[in-house]
């Protein structure tokens, strides 16, 4: 006759082993995103002289998985909605010191903290950040899932004063998260314009002449 105590211990050990295997190996878990510390709406950095840079959305956040096996992101994109207008920013670039084009990102349970830049597709359409109430939604396509996962849906407001300033070249609107107020606090910043190619050549020529004069002296 089997010992009931030994049988109970064996059943408990099997249950614990099964639960551990489920939590570590089998459970897929979910992909989560922390509240972004900053959200930027405005133009991208200017790369071509005399050509207006495309608008972009920038966020700083932590992506993490609720399972030990982690999840793989195939792609991410941001959608901006205002009234009946909706625009996708599907060009995804991420990183800190070095930016790379987003195409497959493994996210474990410890998470991945990085800057995420989302730009508009080059399909000829125009989009401007004007006055009004916006809904910013961050989407992620996970490996093995047919549907897109919504990571964040955030309401933002662009005032009339900020919308007027955003018309100026190189000007963007930052939304910094206020932990005490529990909301985003907007402020405008203007990026210094990049010097033209001719100006760069002039600076190099001037510096060369100065070095030549010093060597002769």
Out of (1) over 14 Å from the mean Cα position of the chain (by Cα); (2) over 27 Å from residue 183 (Cα atoms); (3) modelled with pLDDT of 90 or more, the odd one out for residue 169 is which?
-> (3)
Identify, by number, the condition in (1) over 20 Å from residue 172 (Cα atoms); (2) outside any strand (DSSP E or B) that residue 129 doesn't meet.
-> (1)
Out of all the residues in region 115-133, which are free of Cβ contacts under 8 Å to residues at least 60 places away in the same chain and surrounded by 13 or more Cβ atoms within 10 Å (Cβ to Cβ)?
-> 115, 116, 121, 130, 131, 132
When you scan region 135-156, how many residues do you find that are in contact (Cβ under 8 Å) with a residue 60 or more places away in the chain and outside any loop (DSSP other than H, G, I, E, B)?
-> 11
Pull up region 161-185, narrow it to residues that are in a strand (DSSP E or B) and touching a residue at least 60 places away in the same chain (Cβ under 8 Å), then point me to the one that is farthest from residue 36 (Cα to Cα).
-> 171
Restricting attention to region 15-55, which residues are at pLDDT below 65, more than 24 Å from the chain's Cα centre (by Cα) and part of a loop (DSSP other than H, G, I, E, B)?
-> 27, 49, 50
Being surrounded by 15 or more Cβ atoms within 10 Å (Cβ to Cβ) and at positive phi is the filter here, so list the residues in region 134-183 that pass it.
-> 170
Note on region 61-99: residues outside any strand (DSSP E or B) and within 12 Å of the chain's Cα centre (by Cα) are 90, 96
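The values are calculated or read from the model by the stated rules, or taken from the named source; none is laboratory data. Please read these numbers as outputs of a predicted model, since none were measured by experiment. Here Cβ is always computed from backbone atoms with ideal geometry, including for glycine, and neighbour counts include all displayed protein chains.
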